[in-house]
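Student: Pasting in a structure now, in structure tokens, and then I'll have a few things to ask.
The values are calculated or read from the model by the stated rules, or taken from the named source; none is laboratory data. Given the structure is predicted, the values throughout are model-derived calculations rather than measurements. Cβ: placed from backbone, ideal geometry, glycine included. Neighbour counts: every protein chain shown.
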Amino acid sequence: MTTSGHTVQEDCPAGDEAFTAMGGNPARIRDHLLFLSKFFRHGRRIASIWPSSRAMATASLRQVQWDCAQVIVELGAGTGPITEQISRRLPSHTRLISIERDRDFVHILRSRFAASPGVTIVHGDVSNLGDILRTQGLVRRHVDYFISGLATPSLPNATRTGMFKAIGQYLHPRGTFSNITEIPWYYLGYYRRFFHEVSFQLVPMNVPPGGVYHCRTPRRDVETNSAAALGAARPDSEAGRR
Ligand SMILES: C[S@@+](CC[C@H](N)C(=O)[O-])C[C@H]1O[C@@H](n2cnc3c(N)ncnc32)[C@H](O)[C@@H]1O
């Protein structure tokens with residue numbers, strides 16, 4: 001990232017990451033296996049078989065201008081691969097609020113990022129995103145970036161509606177909502193129901209290969225768009241996918 005002034009460890013080849021994930025760090029291996037076992041037990045609630053790769057985490061942060069960001073909110077942090085990339089680059093003037101619903105993942109996140117200044121881990125559900133952000137002391141248009149690891153197209157309608165309403169209220173006018181996916185390009189039309197500007201970035205180095213939808217300028221009529229997006233989401237083909 002040239003704007004961050006940080007080193008480019010994120011450009012390491014996936015092979016290095018696989019080596020680290022499988023052999024270099026027993027705690028990470030445990031986290032990954034927990035993730036896998038939760039996927040087999042809960043399927044769509046976890047939505048992915050394996051945590052995001054470093055390449056995916058880096059891609060999800062492509063829009064972030066680190067020197068001006070004040071508040072970053074992560075949705076569905078899991079075991080923290082994206083949280084880690086954010087916390088590594090987080091400037092002292094920037095807050096990261098990472099929200100996760102699964103209690104075991106929250107436990108992992110809290111111990112993993114206990115010593116990271118500026119990082120707050122919240123155990124919560126994004127259907128209550130507005131309440132969560134208010135409780136964190138945020139006000140309208142206060143969030144510069146929402147970074148989502150959620151399977152947004154597969155979320156229940158009420159959850160998605162609550163989440164996008166809060167995003168519409170809290171996202172800064174020049175801010176971005178970015179959402180990882182395992183289905184390249186397919187949901188461009190889906191995200192265009194919620195945002196005026198949407199682009200897609202391919203990320204081949206991930207298990208499975210996927211990408212990131214980057215979205216700006218939320219549309220206003222969330223309820224109508226959320227109901228209409230239900231058809232576009234094809235939840236039958238989305239089990240276990242984002
Ligand atoms: C596909 S995983 C992604 C995890 C991590 N961000 C990554 O990239 O590896 C989705 C995560 O979202 C969490 N999640 C699903 N629904 C949620 C909700 N309604 N509110 C908060 N978190 C949720 C799941 O528990 C899971 O950890």
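Residue-by-condition table, conditions (1) at pLDDT below 95; (2) more than 14 Å from the ligand (Cβ to nearest atom):
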{"position": "Thr135", "(1), (2)": "no, yes"}
{"position": "Asn157", "(1), (2)": "yes, no"}
{"position": "Phe164", "(1), (2)": "no, no"}
{"position": "Ile167", "(1), (2)": "no, no"}
{"position": "Pro173", "(1), (2)": "no, yes"}
{"position": "Asn179", "(1), (2)": "no, no"}
{"position": "Leu188", "(1), (2)": "no, yes"}
{"position": "Val198", "(1), (2)": "no, yes"}
{"position": "Ala228", "(1), (2)": "yes, yes"}
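Student: I would also like to ask the following. I'm trying to understand the selection: among the residues of the stretch 44-69, which are among the aromatic types (Phe, Trp, Tyr) and within 6 Å of the ligand (Cβ to nearest atom)?
Tutor: Answer for the stretch 44-69, where residues must be among the aromatic types (Phe, Trp, Tyr) and within 6 Å of the ligand (Cβ to nearest atom): there is none.
Student: Would you mention how many residues in the stretch 70-102 are more than 13 Å from the ligand (Cβ to nearest atom), charged (D, E, K, R) and in contact (Cβ under 8 Å) with a residue 60 or more places away in the chain?
Tutor: Summing the residues that are more than 13 Å from the ligand (Cβ to nearest atom), charged (D, E, K, R) and in contact (Cβ under 8 Å) with a residue 60 or more places away in the chain in the stretch 70-102 gives 2.
Student: Residues in the stretch 112-120: is at least one within 15 Å of the ligand (Cβ to nearest atom) and not β-branched (Val, Ile, Thr)?
Tutor: yes
Student: Could you tell me whether Val126 is within 14 Å of the chain's Cα centre (by Cα) and within 16 Å of the ligand (Cβ to nearest atom)?
Tutor: Spelling it out, Val126 is indeed within 14 Å of the chain's Cα centre (by Cα) and within 16 Å of the ligand (Cβ to nearest atom).
Student: So which of Ser92, Ser53, Ser60 is of a type in the set (Ser, Thr, Tyr) and crowded, with 24+ Cβ neighbours inside 10 Å?
Tutor: After applying the criteria, what remains is Ser60.
Student: If you don't mind, another one. Out of (1) under 28 Å from Arg30 (Cβ atoms); (2) without any contact (Cβ under 8 Å) to a residue 60 or more places away in the chain; (3) of a type in the set (S, T, N, Q), what's the single condition that is false for Ser154?
Tutor: (2)
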